[in-house]
Amino acid sequence: VTTFADLEIGLIFSGLLLIVLAVITYFVFPKVVFCVILAMMLMNVSSPQLGSALGYFYTADEQCLADGPHFNYTYYITITGIVGSVVNFVSVILYQAFMSTWRFRPALIFTIVIGSLAPIVDLVIVMRWNEAIGISDEVFFLLGNAIFENLVVILLAIPMSAIYAKVSPPGMESAVFAYVVGIGNFTGMFSGLVGSAIIEW
């Protein structure tokens, strides 16, 4: 049974499974590791993902959505994907150059605050405010979605990876990282379900 068979069943099952994973984490790992993993779970779950619905909005033709951006798939997937990959590389360099000497807490707070601004890009395009100020959909999407959102994701991922390595018990770094990546993927899927529920309701 897939969690996508029925949205309500998927939400309930995934939510219960997240609780079970949190309880298992509490009993298996040291308390500090549990706290870090729980924080990551809560951060991921608290930001619903609307990407699949927005994908339809961005690529819908004029018959479906008269006032939409009408991106072609080459632009939407290929061009923004290439730009996003370059931005990922630049993000690592920027982090190393400017944030690598920061203490963990200020680096994490900074990236979370900046990251909370990333969804505003989609809101501006959906509400068509970018056209009101004279910026085309393609340019605003490229600057926002392909550049800003990718930058924020990497700048947040680097300090989180560093804290996972720091709190892991000696000799268990790879196991803890693998567990965290698995939980992160699952919470990302759950965030997608929450986003689907928001759009449906």
Subject >> Where Leu151 falls short, out of the listed (1) closer than 30 Å to Phe71 by Cα; (2) open to solvent by less than 60 Å² (accessible area, probe 1.4 Å); (3) free of Cβ contacts under 8 Å to residues at least 24 places away in the same chain >> reply: (3)
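So that you can scan it fast, the table gives a plain yes or no per residue for (1) open to solvent by less than 70 Å² (accessible area, probe 1.4 Å); (2) more than 20 Å from the chain's Cα centre (by Cα); (3) farther than 23 Å from Val181 by Cβ:
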site	(1), (2), (3)
Met40	yes, no, no
Met43	yes, no, no
Tyr56	no, no, yes
Thr101	no, yes, yes
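Here are Gly115, Gly51: which of them is under 24 Å from Leu193 (Cα atoms), out of contact with any helix residue (DSSP H, G or I) (no Cβ under 7 Å at 6 or more places or on another chain), open to solvent by less than 70 Å² (accessible area, probe 1.4 Å) and modelled with pLDDT under 90? Steps first, answer last, please.
Values: Gly115 fails: out of contact with any helix residue (DSSP H, G or I) (no Cβ under 7 Å at 6 or more places or on another chain).
Residue meeting the stated conditions: Gly51.
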Original post:
Inside region 167-185, can you point out the residues that are without any contact (Cβ under 8 Å) to a residue 60 or more places away in the chain and either part of a loop (DSSP other than H, G, I, E, B) or open to solvent by 50 Å² or more (accessible area, probe 1.4 Å) (or both)?
Top reply: Pro170, Gly171, Met172, Glu173, Ser174, Ala175, Phe177, Ala178, Val181, Asn185
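The values are calculated or read from the model by the stated rules, or taken from the named source; none is laboratory data. Since the structure is predicted, the reported quantities are computational estimates derived from the model, not experimental observations. For neighbour counting, all protein chains shown are included, and Cβ atoms are generated from backbone atoms with ideal geometry for every residue, glycine included. Side chains are part of the model used for accessible areas, which takes the heavy atoms of the whole protein and leaves out ligands, DNA and RNA. Shrake-Rupley method; radii C 1.70, N 1.55, O 1.52, S 1.80 Å.
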